[in-house]
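The values are calculated or read from the model by the stated rules, or taken from the named source; none is laboratory data. Everything numeric in this text was worked out from a predicted model, so none of it was measured. Don't worry about glycine lacking a Cβ; one is built from the backbone with ideal geometry, like all the others, and counts go over all protein chains shown. Remember, those area values only see protein heavy atoms, side chains included, never the ligands or the DNA or RNA. Shrake-Rupley method; radii C 1.70, N 1.55, O 1.52, S 1.80 Å.
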Amino acid sequence: MKLQKSMLMEHHLLLLLCWSVLSIVHAEQWPPLKNHNFIGLNPVSAKTLHARSTTECDIDEGNPVDDQDQIGNFGVFNEKSSAACDSSSRADYSNADYVTTEGVITSTGNSEISYNAYKINPPSSRAESFTQSGTFLLFKFEAPLASSYSVYRLIEPDINAPSGTISKIKVQEINIEPDFAEQFLKTSIRVDNLAEAAIFFAVRDTELPSEWPRPPSGVNIERAKVAQIGMFDLYGERYDMPLDMFDPSLDWNQGPADHSHKYSFRKVFFPVSKYPGEDGIVWQDQATFRIYVTWFESLGHSTIELPNNESDYLLVASGESISGDIIYICVAKGKVESEPLSVHSKRVTSSGDIIASKIYDTGSTGLDVMQFFATGGSLTWDSENNKLGWMISRQMLNSHQGCIAVVLDATTLDVVKNTGSTASHSFANSMMIGNKNTDHMFFAVEIGDNYPRGVNAHYIYSDNGNIKRKSKVLYTFKTHHSSQKCWGYPSSGCTPYDKYTAISTPEKTYYKWSNDNNVYSEIAHPAAISRDDGSYMIVFAGERPSLDNSLATSNLNAPRNIALVIVSSDFGSIVSTGEDSSGGYYDFGGGWRSQTNTGIVWLTDFTPSTDKSSWHSATRIKTAHIKDRMILIIYELWFSSSYIRTEVMGVDLDGNVVMEPAVLPFDLRLTPADEIEVIDGRAVIYGFDDDDKRLIRYFLNENTMEAPGIRTQSPTTSSKPSAQPSKAPTPSPTVSYSPTYTGAPSNTPSLSPSIKPVYNFTSLDIPLIKVLEGKKTQECNFEAGGIVHED
């Protein structure tokens, strides 16, 4: 017994020490990102690599690389064309003469780390006819050899990058396996199409060069203080994730001038949490359509597959913060004309066990769904009232597109109330729990091109047990009118409309009817901020002037600026004081529809220039109410069709700018429509780096706060786990719920391939601590069917 007590005391002391160390790790300032610089050798070693002297056939046949095509351990070759090399060296069909500098890459803050590297410029001699044979890189490696190597690229900041921007390291190719030292090996890295100089270097696969600091031993999280922006600090965590998550920089690159931008995009990362303060996200693999929940832990993460037997689209998801239960809704792929499409929901535990499931009526008298629509939807869970608010944007059975607002029961997943159509067409939506100072159950904002046309707000409430919805257009915009006399004229035999003289020009005639799908605006996510008096602040972006139909000529007609408007809780009045404007448009049937904007407060001013290609527009706007009177607005700034940078600004609850827009010296890329969450006064933003296969979690907070640590925010509904659900969990027989990965192997070096995910041990009660002697039971006892003694 004395031994047991001694072991127990040592065990508790060890736990206490571990907890203390962990607390220190969380509380201390996170290390900054590492900056890497390329330095040419002294004296500068530069050489022009011809590239036409060595062909792919030479490499394949074991011939030496021509001296004109190599410098140090780096070389170039021209690929064979049509399985032959006859044209590879000819000036007609290949580029040549790449000025290349040999040097080293050094890291700030660590003089011991350096990499031999090569800076290669675009070709100075172009193919005289056309480029038929590309130029690719070669690398050789010195003894003693490693089993495999990877090639990386150092991307230096652009000349116009914000002050403090650091270089980035991106993996280009992995698993290069030399058989012999000093043997040049081919890569798939092409350089004849370079637009600017590029820096490449090769290292052993175990080295993992990165601007992110390496984590301590046993920790699978890369953590760094990414940047300081005015009065705010940006921190980041990266988690090894060898699956195909949504990368905001790659997977939807639609700018304000692009046709598809108006339709926005579905939400992809759905924040969830569980008692006593563990956070996670629900997401879908972009390639396999498997659905996962990832729980963030102190040393790594646990990623669990959730049931999705038909590999349907993940439409929306939400979580209950005490029990950790998750409700998610899926919609089938494909489309059969005039046939209802399958839409179904599941409630599962935090570990993926099924609690309840529901298949919905999607016929014309139900949800009316024929096809999934890009905008997706929104879902929010009010655990206090055991209800969910759901916005679903879909193509209906009559082939039209629109959105409806629905209330669900969180236990049965049944439709409690379908409040009907909210907008048609509906191109973006955002939903939240209603203001706590009102009787609102849920509050939603969407943007529609017609019926109604504008930024439309809704609140859902209960009137003596009868769930109702009230709506109001808070901002509306100009309309492009048709240059055809009527629909299908002249072959349709329609009756021509009158000329719209007010906007017609000598070069073009417009008529008094329209069918404009452009909305020239977008809403923030979340789009609404609750105020103490029950009113709401709505944040969006739009073009100025808002209602001049003569300026509605293309997808993008002016820079898009951020604005807000404040509406009273009953939608009876506009509370904000700002720009007022009025106008109108002729609808599809030729009827006049009046428009009015009141109290619009413009927060930015991206002054237009005569050169449309230089216009700046705010997009992918996020809001975060981080403290009593501080709302962060985070957004990307784009040219017409390409990303420029990410900025952040701050306003108070009255709409006054309290922090002017500041540039992030880091490419924090935002998802198009995800709602960001606030935890412990920090804005939390999720992303993914597909090159490095890293799930990223950012924290943006005031610089008076300590670095992110163990979550301290208390659950809002109860101090104890919820008694719900009433049904016992039922495991699905077709899906594995073990906290592990299921997917293709990663093409990127892993932080720790052998530790995914991390499992934690927690001891049971004192009576279950026992010393096993190990002397009284032998293998013979088992073979003879005997019993186990005190062992």
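So here's what we get for this one:
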{"read-out": "Gap separating the Cα centres of segment 148-188 and segment 458-532, nearest whole Å", "value": "50 Å"}
{"read-out": "Where Thr131, Thr419, Thr553, Thr365 fall by accessible area, highest first, once all protein chains stay in place (1.4 Å)", "value": "Thr365, Thr553, Thr131, Thr419"}
{"read-out": "Radius 10 Å from Cβ of Asp192, net charge of other residues (Lys, Arg +1; Asp, Glu -1)", "value": "+1"}
{"read-out": "Surface per residue (accessible, 1.4 Å probe) for segment 380-445, Å²", "value": "30 Å²"}
{"read-out": "Whole-percent carbon and sulfur share, accessible surface of segment 222-326, 1.4 Å", "value": "43 percent"}
{"read-out": "Farthest positive-ward along segment 36-195 dipole, Cα basis, beta-carbon charges - from Ile120, Thr106, Gln183", "value": "Thr106"}
{"read-out": "In Å², nearest 10: area of Arg629 left accessible to a 1.4 Å probe", "value": "120 Å²"}
{"read-out": "Reach of Lys478 by Cα under 16 Å, taken over aspartates and glutamates that are not fewer than 8 positions away in the same chain", "value": "Asp449, Asp516, Glu522, Glu543, Asp548, Glu579, Asp580, Asp587"}
{"read-out": "Peptides ranked, highest mean first, by Cβ atoms within 10 Å: ranges 591-598, 296-303", "value": "296-303, 591-598"}
{"read-out": "Shape metrics for segment 411-505, restricted to C-alpha atoms - Rg then Dmax, Å", "value": "19.5, 60"}
{"read-out": "HN-Hα J in Hz across segment 175-181 - Karplus 6.51, -1.76, 1.60, θ = phi - 60°, x for Gly and Pro", "value": "6, 8, 10, x, 8, 9, 5"}
{"read-out": "Gly376 long-range amide H proximity, modeled H, under 5 Å", "value": "Ser393"}
{"read-out": "Listed residue pairs exceeding 24 Å between alpha carbons, taken from Lys387/Lys436; Lys358/Lys472; Lys485/Lys508; Lys267/Lys387; Lys436/Lys627; Lys267/Lys358", "value": "Lys358/Lys472"}
{"read-out": "5 angstrom amide H check on Arg560, placed H, neighbours 5+ away", "value": "Ser617, Ala618"}
{"read-out": "Debye, to nearest 20: dipole size of segment 94-144, +1 on Lys, Arg Cβ, -1 on Asp, Glu Cβ", "value": "120 debye"}
{"read-out": "Residues of segment 562-587 with amide N under 19 Å of a point placed 7 Å along Cα→Cβ from Ser550", "value": "581-586"}
{"read-out": "By average C-beta atoms within 10 angstrom, highest first, the peptides 490-498, 582-590", "value": "582-590, 490-498"}
{"read-out": "Counted charge near Asn73, where neighbours are those whose Cβ lies closer than 11 Å (Asp, Glu -1; Lys, Arg +1)", "value": "-2"}
{"read-out": "Residue (of His458, Ser514, Thr476) at the positive-pole extreme of segment 445-534, dipole from beta-carbon charges", "value": "Ser514"}
